[in-house]
Every structure is written in structure tokens, then in C-alpha cells.
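The values are calculated or read from the model by the stated rules, or taken from the named source; none is laboratory data. Just so you know, these numbers come straight off a predicted model, no measurement behind them. Neighbour counts are summed over all protein chains in view; Cβ atoms, including those assigned to glycine, are modelled from backbone coordinates with ideal geometry.
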Amino acid sequence: MNSITWSRFYPEMSGCSMVDDILGSLSRGVSFLERQHEHINLDGAVGFTMLQAELKEAVRTWPHTDPVSWAQRTAANALLRRLDPSLDKAVAALKQNDPKYYREFEPLLTWKFWLIPPERRSTDPSLVYPSTMTSECYDEQLSDKCLTLLLGTWKMSGTPCIVTKLCRDTMTRFGCPHYSLSHQLLYFLIGRMRGCNDLLKGDMRATRTNMTEQNYQEIFCSNMMKANRDIVTSGLTEQTVDIFIENILICGLAGFSDFHQADWLQHILRMQDEEVGCFGRDNELLEQLQLQPHRRVKRREKILPDGCSSHMTAVAVGALGGYLNFYLTEQDITKRPLS
């Protein structure tokens, strides 16, 4: 029986069906990487590295050994065997094409860096900001600088876990929207995974004396949840879908399982281009790029030769890896029909 038949006869098996859907989508995503590895930018490589970590964790902790589940685990293993060499090629191309950028973010390009959260928690609506700024709080350059200070890549053999006052104040500022908000959370996640203890040391503000890194993560993800709900209510657009998926990816990595909503998964799956396997394919922009091949696009918006968005593909495959681990932990063998 295929997954659609399973879910029709056994509604309680929808999690099992979703695992099939996720693995199918990821297989197409890996096919895309196999073809386009020379053109993937840093964001793309990091997203596929997160997926690599999530797949390895899924295979390691696969919860069931019945025939249906074991076939899925075999499929996940096969995915990893394809992903590993393709990602190695993508990282090698990145090192050659952009050595400075590669060196600054090299730690993020190994799957062992990305810790998959064992615990599950939920966001808190009472932590939503009374109001949010209409424009970003800071730019990509400052975000990159603060991250390299954490990683220790700000110079050759640099000391890691450096937190300047500017970085701390920026990354703990309340009311930030969109990418500023998601990168504030990413800053705390990367700090934790790098082993930086006490990112908040030296914060003298009286109103923040009892704040912990955990508190900030809860505040940020509660606001990212609000943002995602607003996006869905308004209707996903080309302008909002990228940050919608990025929020799911990063808060999922922080352990907030309420981001792994079934209807949101369907939104992500529908964004995939069936033909080439990427996410965020823009046919209009593809035509423009063919007419103006030297048009510049920002790092976050790198458009590949087939019109695909490197950034959206990266966050989508990373988010799908998070969904895979979520559904595996949610499945209960007692609800399975006898084979």
C-alpha cells in the first residue's frame, strides 16, 4: 500500500503518511543538490548541512522496526548516502569560489555542529511584543560580524565566544521583525552549539538582570510564531514564504515543536518545484536573468541558473528534516495496524 492508501484506511496513521511525503520531497531536494552543487551559496550549503544532521539523528533514533517504518528508515539511509558526497562537492566549490566567506563560516558546514534538540517545548502567546518595528533592526553585515566573533573566525585562529556590547545589545533588542528576529534567535543557537557559555555576561541593564538565554529563545520564537500565524492569515506570498519557512526551521532547531504544524508542512511541500526539486523557483526572474545575466542579487536571494532560490531551498530542506524528527518522535507503535 502506498502512503495515500494507508492514511485513507487508517486515519491515525497520518504521521506515517507524512514521513513518506517528507522523504519524497527530500529525495527531490537532494536530486537538485546533486545537479547544482557547484552553484549553491553559503546559505544553501548550511541548510543542507542542517538536513544532514537531522537525517543522521533520524536514522540513529528511528523508533520502530515494523515493515512500513523500516522501509522508511531504509529510504532515509539511502538519502544520506546521496547527500553526503553531493554536500562535500558543494562545500568544496564554496571554498574555491568564496574563500573568505567559507573560512568565516566553516564551522557551520559540518553536521556535528548542529545539535538536534532532545526536548520539546511550546511558545507562549503572552510573550508577544505589544508592537513590532516595520523595518529590520540591523543588516546582514552586522549579523555576520557578530556570528564570526562567536565562532572565532573573525581572524585566523581567533578567540571564539566574543560578545561585544554592540552585538549583545543588537541580538537582545525587543521588537525586531522578520530576518532580524530570526537571526537574533540564530545567534543564541549558534552560541550554544559553539559551546559559548553566558552570552549575556556584562549586560548591565536593570530590566534584564534575570534574563537567561532560554528566556530570549522563548521570547523570539513566541514572536516568530505570531509572525507565521499572521502570514498564514494574510495568505502566503512570494515576499513572505521565505521568512515563514525560516522561522519553522530555526525555532524547530531550538526545540519548539508547535512550529511543526501539519498544515504548515503542506504549505512547504506545495512550494517545491516538481521539475527540478528546489523551492522558490521564480520563472519571471529566471527570464530576467537570462536577459540580464550580470544582474546582482543579495547573498540571501541568490538565484541559481534554473531560477531556483538557494536560500529558500536551504531553509525548506532544513525545515523538512526537523519535521521528520518531530513525526518520528510523535509516532506511537500501539496505533499501528497489525500487518
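Structure values in brief
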{"quantity": "Set ALA75, ALA53, ALA71, ALA93: member being in contact with a His (Cβ under 7 Å, 6 or more places away or on another chain) and of a type in the set (A, V, I, L, M, F, W, C)", "calculated": "ALA93"}
{"quantity": "Yes/no for MET156 being among the aliphatic types (A, V, I, L, M) and either buried (at least 17 other Cβ atoms within 10 Å of the Cβ) or under 17 Å from the mean Cα position of the chain (by Cα) (or both)", "calculated": "no"}
{"quantity": "Some residue of region 96-106 being hydroxyl-bearing (Ser, Thr, Tyr) and in contact with a Cys (Cβ under 7 Å, 6 or more places away or on another chain)", "calculated": "no"}
{"quantity": "Count - residues of region 24-43 that are assigned to a loop (DSSP other than H, G, I, E, B) and within 16 Å of ARG281 (Cα to Cα)", "calculated": "3"}
{"quantity": "Answer residue from region 249-265, given it is in contact with a Gly (Cβ under 7 Å, 6 or more places away or on another chain) and either assigned to a helix (DSSP H, G or I) or not assigned by TED's automatic domain parsing to the domain that holds LEU324 (or both) and is farthest from GLY47 (Cα to Cα) among those", "calculated": "PHE259"}
{"quantity": "Unique residue being acidic (Asp, Glu) and under 23 Å from GLY307 (Cα atoms) when the list is ASP84, ASP43", "calculated": "ASP43"}
{"quantity": "Residue that is of a type in the set (Gly, Ala, Ser) and at pLDDT 95 or above, where the choices are GLY235, GLY252, GLY280", "calculated": "GLY252"}
{"quantity": "Helices (runs of 4 or more DSSP H) within region 128-243 that include 1 or more residues touching a strand residue (DSSP E or B) at 6+ places or on another chain (Cβ under 9 Å), within 30 Å of ASP263 (Cβ to Cβ) and not assigned by TED's automatic domain parsing to the domain that holds GLU106", "calculated": "213-234"}
